[in-house]
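The values are calculated or read from the model by the stated rules, or taken from the named source; none is laboratory data. These figures come from a predicted structure and were not determined experimentally. Reconstructed Cβ throughout: ideal geometry from the backbone, glycine too, with neighbour counts over all protein chains shown.
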Amino acid sequence: MKKLLCILIVSCAIDGCNNPVDINKNESIKEAQIKYNKQKEDFISKFKLDSIEKKNNTLYPISGKIKYKKMWCGGVQIRAFDHTYDTKPYANKTLLIINGIVNSDTCIRVKELKTNAKGEFDFEIKSGIYGLIVEEWKQGKFKKPAGEYEDINCLRKEYKKPDLIIRVKNEPINNLSYTVIGYCNGGNPCNPMAGTGLP
């Protein structure tokens with residue numbers, strides 16, 4: 001019995017168990033060994049569960065920058081063959097983080113944040129797949145924009161797409177980038193030149 005106690009104490013020290021087995025003098029060596037094995041298994045299981053829970057609750061930093069580019073809508077053209085103006089920071093604008101990759105007015109919105117004066121943003125989030133909603137018209141309930149021509153099916157498809165899909169896999173993500181297009185009056189992703197009189 002003394003030999004078994006010595007083995008168990010050494011084993012506990014090696015394995016890192018916190019509570020050495022309480023051995024009853026009346027139990028056999030076999031029973032004591034079974035009790036020790038059970039305690040060791042319980043300890044390892046708890047350690048694994050604690051590690052998984054800690055890993056699942058880890059927050060990872062995400063950062064990026066949003067720009068804005070206005071379309072050329074007629075008049076004096078800035079540069080030949082360029083139908084857009086120069087880009088600017090998308091400053092002090094609201095961004096939404098949704099759970100998953102399909103946008104809707106009922107989807108789970110994990111976070112709401114704002115860009116700074118330089119169009120930059122940052123936040124922390126757990127591992128998973130998320131959608132970044134930048135465009136203002138996608139941040140509320142779907143509405144048919146007022147315009148001279150609309151392809152509703154096309155617009156609904158565009159509405160459902162996040163502007164960026166963010167896959168967080170146990171590490172930080174930096175330098176995300178998206179450019180918001182300022183369409184002409186009545187324009188939209190499915191008909192960007194609406195309201196310009198251009199073909």
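Checking the structure you have, find out if any residue of segment 93-103 is among the charged types (D, E, K, R) and out of contact with any helix residue (DSSP H, G or I) (no Cβ under 8 Å at 6 or more places or on another chain). Give the steps one after another, and end with the answer.
Keep residues of segment 93-103 that are among the charged types (D, E, K, R), which gives 93.
Then drop every residue that is not out of contact with any helix residue (DSSP H, G or I) (no Cβ under 8 Å at 6 or more places or on another chain), which leaves none.
No - not one qualifying residue is present in segment 93-103.
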Output for segment 89-118, where each listed residue is over 21 Å from residue 157 (Cβ atoms), of a type in the set (S, T, N, Q) and free of Cβ contacts under 8 Å to residues at least 40 places away in the same chain: 92, 116
Single condition residue 170 does not satisfy, out of (1) at pLDDT 90 or above; (2) closer than 19 Å to residue 60 by Cα: (1)
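Please pick out the residue among 149, 85, 68 that is modelled with pLDDT of 90 or more and either under 29 Å from residue 191 (Cα atoms) or surrounded by 14 or more Cβ atoms within 10 Å (Cβ to Cβ) (or both). Give the derivation first.
Values: 149 fails: modelled with pLDDT of 90 or more; 85 fails: modelled with pLDDT of 90 or more.
Only one candidate passes the filter, namely 68.
Being at pLDDT below 90, surrounded by 13 or more Cβ atoms within 10 Å (Cβ to Cβ), within 24 Å of residue 190 (Cα to Cα) and in the same structural domain as residue 174 (by TED's automatic domain parsing) is the requirement here; does residue 90 meet it? Give the derivation first.
Numbers: at pLDDT below 90: no; surrounded by 13 or more Cβ atoms within 10 Å (Cβ to Cβ): yes; within 24 Å of residue 190 (Cα to Cα): yes; in the same structural domain as residue 174 (by TED's automatic domain parsing): yes.
When the stated conditions are applied, residue 90 does not pass them.
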